[in-house]
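Here the structure is laid out as structure tokens; the discussion comes afterwards.
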């Protein structure tokens, strides 16, 4: 019996949930190297997270290591993959097939984490009707119809910032339930819609700021 499935995901602190994919990426490498066990201290050295924090994070999944041996790598990979939802396939649409949107469609790594991009949408007549790596690009006006056809629940939003809210409104009206927002605009949605903001520009600002602080010392 897999005990971690009984744990409500909302009970887990968000910082812990953000760290779990780091652990998974590392232990997957160990699995590929046929390494059977790993300690929290070893994981700590590789990903720069305190060993006690790693043990605490994994305890939310009822994953416990063996004294003087550590965690069983294969089991750890399975438990993390199952809990994070990466084992299941989640269909998604890319909304806005510019350079970033096209790059995400071409990113084969997303499929390894359960993200299956099945279509793209744009308003540019030069893009509509074309394919990107086998993924067809439709006109935005077809979003609702294609949502019913494909049964997609996730939209990846990569439109120019000035169109972010209008595109969001159409996404919600079309029946999608989650938005991965890559624009720097803080979109507004009903309470039952899941949003994850991933602003590349905000991260750039952090990099520039920290570079400036280091160079001033």
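Derivation of every value follows stated rules applied to the coordinates shown; laboratory data play no part. Keep in mind that this is a model prediction, so the values were computed, not measured. So basically every Cβ, Gly included, is an ideal-geometry build from the backbone, and we count neighbours across all protein chains shown.
Quick rundown of the values:
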read-out: Overall dimensions of the range 148-217 as given by Cα atoms, namely Rg and Dmax in Å; value: 15.8, 58
read-out: Estimated FRET transfer efficiency when R0 is 25 angstrom, pair residue 50-residue 177 (beta carbons, to 0.05); value: 0.10
read-out: Unit Cα scatterers, Debye sum, the range 127-177: log10 I(q)/I(0) for q = 0.19, 0.22, 0.28, 0.30 Å⁻¹; value: -0.68, -0.90, -1.25, -1.29
read-out: Least to most buried among 63, 179 (fewest other Cβ within 10 Å first); value: 63, 179
read-out: Structure-based [θ]222 nm, the chain - -39500 (n - 2.57) summed over DSSP H runs of at least 4, per residue, nearest 500; value: -13000 deg cm²/dmol
read-out: Most fluctuating residue given options 35, 154, 117, as computed from a GNM of the chain linking Cα atoms under 10 Å; value: 35
read-out: Gap separating the Cα centres of the range 182-217 and the range 107-162, nearest whole Å; value: 23 Å
read-out: Extent along principal axes [Cα atoms of the range 3-83; Å; largest to smallest]; value: 33, 23, 23
read-out: The range 46-109 - Rg (one decimal) and Dmax (whole number), Cα, Å; value: 17.2, 51
read-out: Candidates 181, 34, 197: whichever shows maximal mean-square fluctuation once the chain is modelled as a Gaussian network with Cα springs under 10 Å; value: 34
read-out: Diffusion coefficient, µm² s⁻¹, Stokes-Einstein with Kirkwood Rh over alpha-carbon pairs of the range 98-157 at 4 °C and 1.567 mPa s; value: 108 µm²/s
read-out: Neighbour-count ranking [beta-carbon atoms within 10 angstrom, fewest first] of 191, 122; value: 191, 122
read-out: Compactness of the chain as Cα Rg over 2.2 N^0.38 Å, two decimals; value: 1.18
read-out: P(r) histogram, all alpha-carbon pairs of the range 90-202 included - 10 Å bins from 0, percent; value: 15, 53, 31, 1
read-out: Order of 152, 172, 27 - criterion: other Cβ atoms within 10 Å of each residue's Cβ, fewest first; value: 172, 152, 27
read-out: GNM top mover of 42, 106, 165 - the chain, alpha-carbon springs below 10 Å; value: 42
